[in-house]
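Right, one structure below, let's go through it.
The values are calculated or read from the model by the stated rules, or taken from the named source; none is laboratory data. Remember, predicted model here, so these are calculated numbers, not experimental data. Here Cβ is always computed from backbone atoms with ideal geometry, including for glycine, and neighbour counts include all displayed protein chains. To get the accessible areas, we keep the full protein, side chains included, count just its heavy atoms, and leave off ligands, DNA and RNA. Shrake-Rupley method; radii C 1.70, N 1.55, O 1.52, S 1.80 Å.
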Amino acid sequence: MVVAAVRRATDELLEEVGYEGLTLPEVAARAGVNKTTVYRRWPTKVELITGLFLLRTAQQDPGRDTGSLVGDLVAMLEDIVGHVNSPATRAVLSVALGGALDDATRTAREAFWDERFHHGAAIVERAVARGELPPEADARLLLEDAGSPVYFRLLITGQAVTDADIEFFARRAAQRAGGTGAAGE
């Protein structure tokens, strides 16, 4: 109950004031909890943002199962595009992508990406089970290959990512990973 209230308050404040304007006392006030409750669970803003985002990521489905590797990658990339446009995700990514690399930030960044790759590995596991990828396929490398151009365009260059781009990035990553080009792709 407290976590849900804090998550809701954090999302609302990120929407209203952005990452830089967000403060833990304001989150506590908006959530209707004592600020010591927030500080006990999340001692810093980085830990709050990352912790709540990791919780959200862990509760998501492990990628839509479309029946094919390329289809699953396309679905994953579409989800990335949708999520990157939310203020909460942008705040986490700003922590995950840069800033001063103190121990808390480094730990938060590693936890964020480890969870994202762990979560996405289900796509590769399903493709191996369907015979679309060899058993030795490297899940992290495949997910990095598919997702990197999307993150690069959205966060670095500010370019749009079209449906055609998503399809191309998914097919290219599947092919590089040794995908078989199974039916439905």
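If you place +1 on the Cβ of every Lys and Arg and -1 on the Cβ of every Asp and Glu, how big does the dipole about the Cα centre of the chain come out, in debye to the nearest 20?
Value, rounded to 20: 500 debye.
In µm²/s, what is D for region 116-185 at 20 °C and 1.002 mPa s, where D = kT/(6 pi eta Rh) by Stokes-Einstein and Rh is the Kirkwood radius from Cα pairs?
170
Within 10 Å, count the other beta carbons around each residue, average over each peptide in 111-117, 18-24, and list them highest first.
Packing proxy ranking, top to bottom: 111-117, 18-24.
Among Val38, Val17, Val150, whose mean-square fluctuation peaks in a Gaussian network model of the chain (Cα, cutoff 10 Å)?
Greatest mean-square fluctuation among the candidates belongs to Val17.
Say the dipole of the chain comes from +1 at the beta carbon of Lys and Arg and -1 at that of Asp and Glu; which of Leu142, Ile156, Gln175 then lies farthest toward its positive end?
The Cα lying farthest towards the positive end belongs to Ile156.
When every alpha-carbon pair in region 1-80 is counted, what percent end up more than 19 Å apart?
44
Picking from Gly67, Gly51, Gly147, which is most flexible by a Gaussian network model of the chain using Cα springs under 10 Å?
Looking only at Gly67, Gly51, Gly147, the largest GNM fluctuation is found for Gly67.
How much area per residue is accessible in the chain when the probe is 1.4 Å and only protein heavy atoms are counted (Å²)?
I get 51 Å² per residue for this part.
Return the carbon/sulfur percentage of the accessible area of the chain, one whole number, probe 1.4 Å, all protein chains in place.
Accessible surface attributable to carbon and sulfur in the chain totals 53 percent.
If you average 1/r over every pair of different alpha-carbon atoms in the chain and take one over that average, what Kirkwood value in Å do you get?
In the chain this quantity evaluates to 17.6 Å.
How far, in nm, would the chain grow between Gln175 and Asp138 when pulled straight, counting 0.36 nm per residue and subtracting the alpha carbon separation? It would help to have the intermediate numbers written out before the result.
On the way: separation 37, 0.36 × 37 = 13.32 nm, distance 1.28 nm.
Here the segment from Gln175 to Asp138 would lengthen by 12.0 nm.
Evaluate the charge dipole of region 113-185 about its Cα centre and quote only its size in Debye, nearest 20, assuming +1 on the Cβ of each Lys and Arg and -1 on the Cβ of each Asp and Glu.
80
Mind telling me which of Val161, Val124, Val46 comes out most flexible in a GNM of the chain, alpha-carbon contacts under 10 Å?
Highest fluctuation among the options: Val161.
Run the numbers on the chain and let me know its relative contact order in percent, using alpha-carbon pairs under 8 Å that are six or more apart.
About 23 percent, as a whole number.
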